[in-house]
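What follows is a single structure, written as structure tokens, with notes after it.
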Amino acid sequence: MHAIINLNKPFDMTSRQAVTKVQRLLGAKKAGHAGTLDPQATGVLLVCLNESTKVSRFLMNMDKQYKAKIKLGERTDTHDAWGRVTEKKDSSFLSETQLFDAVQKFKGAIRQKPPMYSAVKIGGNKLYKLARKGIEIERPDRPVHIYDIRITSVDLPCFEIMVSCSKGTYVRSLCDDIGMELGTGAHMTALERTAVGFFHIKNSLSLDALAADAEHFYTIDQALEKLPEIVLDDSDYQKAKNGGKILSMSFNPYNGEFVRMKDPEGKLFAIGSVESNIIRIERILNLV
């Protein structure tokens, strides 16, 4: 079974624990995931089984969508409700109009500093391991894109937002930044990932439902359907399946893109990257 599963990760479970449960339940030899969710977050976690673990990085490139709850007036060291409160300020003066105006300032291309409590590595050290020792280091900010952000409900001092964003966006940091913009501080109290690319929460499976429902398992070809496909003739296929580069002027329209490579019968066997008129093999997939 070389499948990708749209799992609805439960609360208070690490992404690794969720993957291990799926792996044991389905008897897969290898398993991994495409994009970590914090233990307290729920929602879409793409679990890759067997050969599909080779394409997890391509799935990670997909845009994401989240639903987050925010509490004003308190800032925490983790930017969420499970951290230590580091600052308290009055937020009773805020109006809904001020909230809406502040949130809209984060739409578009922005820069974010990764939170200390994250798996980002700097100098070979994972930030969360340093944070647990009480060590805070300087982190360079990174470009991310917020395609859409809107407030869906307000019950001050709390409100809820929906966010569509690029890969690498930390919603916890976004919530903290919104609090700083408002001058009151804020932290995230709940997070649900509602979509990764076309994988949506409404089509996800719980761990309980997983064993009884194979309909929502995706093949690698289905999961990567947004990548262009190139069907090779027999000569080029023989070269490519052994890792050789393929030359053709017809590849130029896909310059700079990853592509699904298929044999003469239209079966997926590799992922390649196009550079001008050359396809280089990125991953050979043993799907037979």
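The values are calculated or read from the model by the stated rules, or taken from the named source; none is laboratory data. All figures in this text were calculated on a predicted structure; none of them were measured in a lab. Cβ atoms come from the backbone with ideal geometry, glycine included; neighbour counts cover every protein chain shown.
Structural remarks
Conditions (1) closer than 29 Å to residue 13 by Cα; (2) without any contact (Cβ under 8 Å) to a residue 24 or more places away in the chain; (3) touching a Phe, Trp or Tyr at 6+ places or on another chain (Cβ under 9 Å); (4) not basic (Lys, Arg), marked per residue:
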position: 159; (1), (2), (3), (4): yes, no, no, yes
position: 184; (1), (2), (3), (4): no, no, yes, yes
position: 195; (1), (2), (3), (4): yes, no, yes, yes
position: 203; (1), (2), (3), (4): yes, no, no, yes
position: 235; (1), (2), (3), (4): no, yes, no, yes
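- Counting only residues that are of a type in the set (Asp, Glu) and at pLDDT below 85, segment 98-119 holds 0 of them.
- Put simply, of 26, 94, 72, 46 the only residue that is under 15 Å from the mean Cα position of the chain (by Cα) and surrounded by 15 or more Cβ atoms within 10 Å (Cβ to Cβ) is 46.
- Residue 197 being touching a Ser or Thr at 6+ places or on another chain (Cβ under 9 Å), surrounded by 14 or more Cβ atoms within 10 Å (Cβ to Cβ) and on the phi > 0 side of the Ramachandran plot: no
- Test: residue in segment 232-241 that is surrounded by fewer than 19 Cβ atoms within 10 Å (Cβ to Cβ) and in a loop (DSSP other than H, G, I, E, B): yes
- Complete set of residues in segment 136-146 that are loosely packed, with under 14 Cβ neighbours inside 10 Å and touching a residue at least 12 places away in the same chain (Cβ under 8 Å): 136, 137, 140, 141, 143
- Exactly one residue out of 107, 113 is under 23 Å from residue 41 (Cα atoms), surrounded by 11 or more Cβ atoms within 10 Å (Cβ to Cβ) and free of Cβ contacts under 8 Å to residues at least 60 places away in the same chain: that is 107.
- Residue in segment 248-265 that is under 30 Å from residue 41 (Cβ atoms) and surrounded by fewer than 19 Cβ atoms within 10 Å (Cβ to Cβ) present: no
- Strands (runs of 3 or more DSSP E) completely within segment 1-84 that count 3 or more residues being touching a residue at least 24 places away in the same chain (Cβ under 8 Å): 3-9, 42-49, 64-72, 74-76
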